[in-house]
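Since the structure comes first, as structure tokens, the remarks are kept for the end.
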Amino acid sequence: MVKTAVLVSGGGTNLQAILDAKAAGKLPHAEISLVVASRPDAYALVRAEKAGVLCAVLRKGKEKPIEQYGRELLELLHSHGIELVVLAGFLTILPENVIQAYPKRILNIHPSLIPSFCGAGFYGLKVHEAALAKGVKVTGATVHFVNEIPDGGEIIAQKAVEVLPEDTPEVLQKRVMEQAEWILLPQAVEDVARSLCQQ
Ligand code: GRF
């Protein structure tokens, strides 16, 4: 099994989808070994604790040089033997030293069909606000590998979701989560973990 860490910043519904998939036997190749939160009040930590998964909080901090933050994160991941990293609503941009240490071993979920509404500044509700402002009739979610370009790594999986005339950003966000993110992310974790096991 591939030792997997999930990095979170907020509510952790995507983490919950991974934990539920694990409990349902749908992630036979991934072991959820560690949850790392960027803030101590992330509700995702409560979800991890309820599932009995080891948790850590690592803050980037304003004064800390980015490389040092990267070294601390790498030390944490290495000390738990982490082989695969999943960004599930993680709002900190990963430093280069972390990205380089895990080539094609860091996954991110983004709530749009990349290359639409992605890159710097497109996070959370802003993504759905932009989709509605543009008037797209279809949006969705994308799981991709993480490289140095924000939301720019190789695409692993995508799922489309219909946009309805009366949608608000909040309503659309909920539909994208329910119909795409929570299905796509656990599947992608299992697919990547399985292929790592076969290497
Ligand atoms: C999700 O929409 C995810 O795609 C985005 O941030 C949100 C996180 O939600 N990057 P949660 O913390 O998993 O509930």
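The values are calculated or read from the model by the stated rules, or taken from the named source; none is laboratory data. From a predicted model like this one, the values you see are computed outputs, not experimental measurements. Don't worry about glycine lacking a Cβ; one is built from the backbone with ideal geometry, like all the others, and counts go over all protein chains shown. Ligands, DNA and RNA are stripped out before the accessible areas are found, and what is left, the full protein with its side chains, is counted by its heavy atoms. Shrake-Rupley method; radii C 1.70, N 1.55, O 1.52, S 1.80 Å.
For the stretch 129-199, the Kirkwood hydrodynamic radius comes to 13.5 Å, computed from all pairs of different C-alpha atoms. Atom-type composition of the exposed protein surface of the chain places 54 percent of the accessible area on carbon and sulfur (1.4 angstrom probe). Given DSSP loops and a limit of at most 14 other Cβ atoms within 10 Å, what is the longest stretch of the chain that contains no such GluC sites (Glu not before Pro)? With GluC sites (Glu not before Pro) excluded where exposed in loops, the chain gives 64-147 as its longest stretch.
Plainly put, the chain has a radius of gyration that is 0.95 times its Kirkwood radius, both from alpha-carbon atoms, as the Rg/Rh ratio. Ranked from largest to smallest solvent-accessible area, with a 1.4 Å probe on the protein heavy atoms, His110, His78, His29 come out as His78, His29, His110. Label separation (Leu125 vs Ile93): 2.4 nm, computed from points 7 Å beyond Cα along the C-beta direction.
In a fully extended conformation the segment linking Leu164 and Lys64 would gain 31.6 nm over its present Cα-Cα distance, using 0.36 nm per residue. Each stretch of four or more DSSP H residues adds -39500 (n - 2.57); spread over every residue of the chain, this sum gives -10500 deg cm²/dmol at 222 nm. Just check the stretch 39-151 against the gyration tensor rule for me: Cα atoms, a ≥ b ≥ c as the square roots of the eigenvalues, rounded for a/c under 1.5, and otherwise prolate or oblate depending on whether a/b exceeds b/c. Prolate. Here's the picture: charge each Lys and Arg Cβ at +1 and each Asp and Glu Cβ at -1 in the chain, and of Gln158, His78, Ser112 the one pushed furthest to the positive end of that dipole is His78. Each residue of the stretch 173-184 was assigned a 3J(HN,Hα) from its phi angle through the Karplus expression (A = 6.51, B = -1.76, C = 1.60, θ = phi - 60°), giving 4, 5, 5, 5, 5, 5, 8, 10, 4, 5, 8, 5 Hz with x at Gly and Pro.
Principal-axis analysis of the Cα atoms of the chain puts helix 66-79 at an angle of about 70° to the longest axis.
Highest mobility in the GNM of the chain, judged by mean-square fluctuation with C-alpha springs under 10 Å and restricted to Leu19, Leu54, Leu94, is found for Leu54. Relative contact order of the stretch 62-146: 30 percent, from C-alpha pairs under 8 Å at least 6 residues apart in sequence.
Each residue of the stretch 36-53 was assigned a 3J(HN,Hα) from its phi angle through the Karplus expression (A = 6.51, B = -1.76, C = 1.60, θ = phi - 60°), giving 10, 9, 8, 8, x, 9, 5, 5, 4, 5, 5, 4, 5, 4, 4, 8, x, 9 Hz with x at Gly and Pro.
Structural descriptor for the chain: relative contact order 23 percent, calculated from alpha carbon pairs under 8 angstrom and at least 6 residues apart. Coupling constants for the stretch 194-199 follow from the phi torsions by the Karplus curve (6.51 cos²θ - 1.76 cosθ + 1.60, θ = phi - 60°), and in residue order they are 4, 5, 5, 5, 7, 6 Hz; glycine and proline get x.
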